[in-house]
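Every number here is computed from the coordinates shown, using simple stated rules; none is lab data. Predicted model only: the values in this text are computed from it and were never measured. Reconstructed Cβ throughout: ideal geometry from the backbone, glycine too, with neighbour counts over all protein chains shown.
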Ligand code: GRF
């Protein structure tokens, strides 16, 4: 059975493009059921439409966070989404939204990609912050989302070096290449083997749970 995903975007959509490509190549047993975007000017919308995808655009401006999320939830409610895939979605999701995607094990079926090795360099400027700090190694993190920003069980991390002659631009380009490989790989693993296959086990052999709502 194909994994039914909703991809959330706010901007350029290069991660969306890599996911679309992997699906179209047959490399991922997933279907993008809808693309949700809060920015009417995002290039990601054009991209999604070019590929014939269902697109739901709703600016968050002029409405409360709750109202915005509830309208998105209403859109998603009829689509039987297995996973929400955040790909450059620049809005923090509230616990109220996340609860709609809670699975039997207590995890929220929502993934996010962050352009640094969490828990370092959280926030909207992962590349800039890691580069300006002067790290020699950075990386990409894909994790399950919980109620804290850039936090939740880590599904995959892949490092990349900062080279001596790097500019912020070349550093970011190297990282983006990793993003575009890693997100399709992680989603393919979820589709084929379930998200549990990517979660670490603690010393007792139990799946790690850092879902905040349970604390
Ligand atoms: C990526 O760097 C992603 O890691 C971060 O936001 C950026 C989105 O880029 N969360 P794009 O819209 O996928 O091109």
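How big, on average over all directions, is the shadow cast by the Cα convex hull of the stretch 164-207, in nm²? Mind showing how you got there, number by number?
Working: hull surface 19.0 nm².
About 4.8 nm², averaged over all directions.
Packing order of peptides 147-156, 50-59, highest average first: 147-156, 50-59 (average count of other Cβ atoms within 10 Å over each peptide's residues). Normalised by the number of residues in the stretch 3-214, the average gap of Cα pairs under 8 Å and 6 or more apart makes the relative contact order 20 percent. Among 132, 38, 15, the largest mean-square fluctuation in a Gaussian network model of the chain, built with springs joining Cα atoms closer than 10 Å, belongs to 132. Here is the P(r) of the stretch 1-91: all C-alpha pair distances, binned every 5 Å from 0, give 3, 14, 26, 26, 18, 8, 3, 1, 0 in whole percents. What order do you get for 127, 107 when you list them from fewest to most C-beta neighbours inside 10 Å? Neighbour counts put them in this order, fewest first: 127, 107. The calculated P(r) of the chain, using every Cα pair and 5 Å bins from 0, goes 1, 7, 15, 19, 20, 18, 12, 6, 2, 0, 0 in percent. Between the stretch 77-115 and the stretch 2-52, the C-alpha centres lie 15 angstrom from each other.
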